[in-house]
Amino acid sequence: MGDVAVDARSEHDGPEDGSASSDRPGTRTKKKQRPFWKELPILIGVALLLALLIKTFLVQAFSIPSDSMQNTLQRGDRVLVDKLTPWFGSEPERGEVIVFHDPSDWLKYEPTPQPNAAQKVLSFIGLMPSAEEKDLIKRVIGVGGDTVECKGTGPVKVNGKALVEPYVFAGNTACSTEEKGQFKVKVPKGHLWVMGDHRQNSADSRFHRDSPGGGMVPVDSVVGRAVVVAWPIDRWSTLPVADTFDQKGINTVAATAPGTLALTGAVPLVWLRRRSRAGD
């Protein structure tokens, strides 16, 4: 009997030519990768959407248009403004540098630049400041309930406490000596009293007391707090609150709170005492 040739291959092995069988169980078909140029528009769209969301809810860039905040900020600086914290009910505090919408035509005599198409697109997504929005940037000096005053050359006082203001432009006095630079005001609830750091070159709350609102900025008009000087690179810095705004006794609300609590606690005690006497 002649030898019998035995095929050692399993019945599940592929064809003799070595090609993969599409009928084999567990075989994966390799998906063809999409060309990068087809994915690029999607990536750009996602990036623009993220930039728009960041601008709307988180951070926006603004350009400094004047010298009113020197030397803290220079004309042409780009600052990043925190827009997130107001969404959680946080309101501006004394000493913060804020960006706010023009409250009552403070900028009516200021020319509005005409941006080109590229600038409009970049400002829309927050990569450039908007040239069409009339916004201002100043420092918060007084909040609702505060009494703010300045006589002679200063210092500025908040609720009777004199401010030490290291950020005021060198050579300036704390307040201007002309009539409108002298003031004593009570800040209404929900409003702010703001001043520029370049005191002799800032048309701030002091000079708009004859305007609707009496020079006060509604809290609802605040875009956000300027937190960082982002451009130019050599001027990168944060914008902290000066220690003078933390001095003891400046917060009238905190000062009156213990007395209010004591009175509230005393009322039931007096009532119980009167009831006990009536029962004797």
Where labels lie 7 Å past Cα in the beta-carbon direction, separation of D105 and Q182 in nm: 2.9 nm
Once Lys and Arg are counted +1 and Asp and Glu -1 for all other residues with Cβ under 13 Å from that of S211, the total becomes 0
To the nearest 10 square angstrom, how much accessible area does W236 have with a 1.4 angstrom probe? 150 Å²
Collect residues whose amide H, placed 1.01 Å from N in the peptide plane, falls under 5 Å from the amide H of D146; neighbours closer than 5 in sequence don't count. V187
Suppose we take every Cα in segment 139-190 and form the convex hull; what volume per residue is that in Å³? 78 Å³
Could the peptides 59-70, 163-174 be put in order, highest first, of the mean number of other beta-carbon atoms found within 10 Å of their residues? 59-70, 163-174
Under the 7 Å Cα-to-Cβ spin-label approximation, K134 and N159 lie apart by a distance in nanometres of 3.4 nm
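The values are calculated or read from the model by the stated rules, or taken from the named source; none is laboratory data. Here the structure is a predicted model, which is why all the values come from computation and not from measurement. Here the Cβ is made from the backbone with ideal geometry for all residues, glycine too, and neighbour counts use every protein chain on show. For the accessible areas, the whole protein counts, side chains as well, though only heavy atoms, and no ligand, DNA or RNA atoms are used. Shrake-Rupley method; radii C 1.70, N 1.55, O 1.52, S 1.80 Å.
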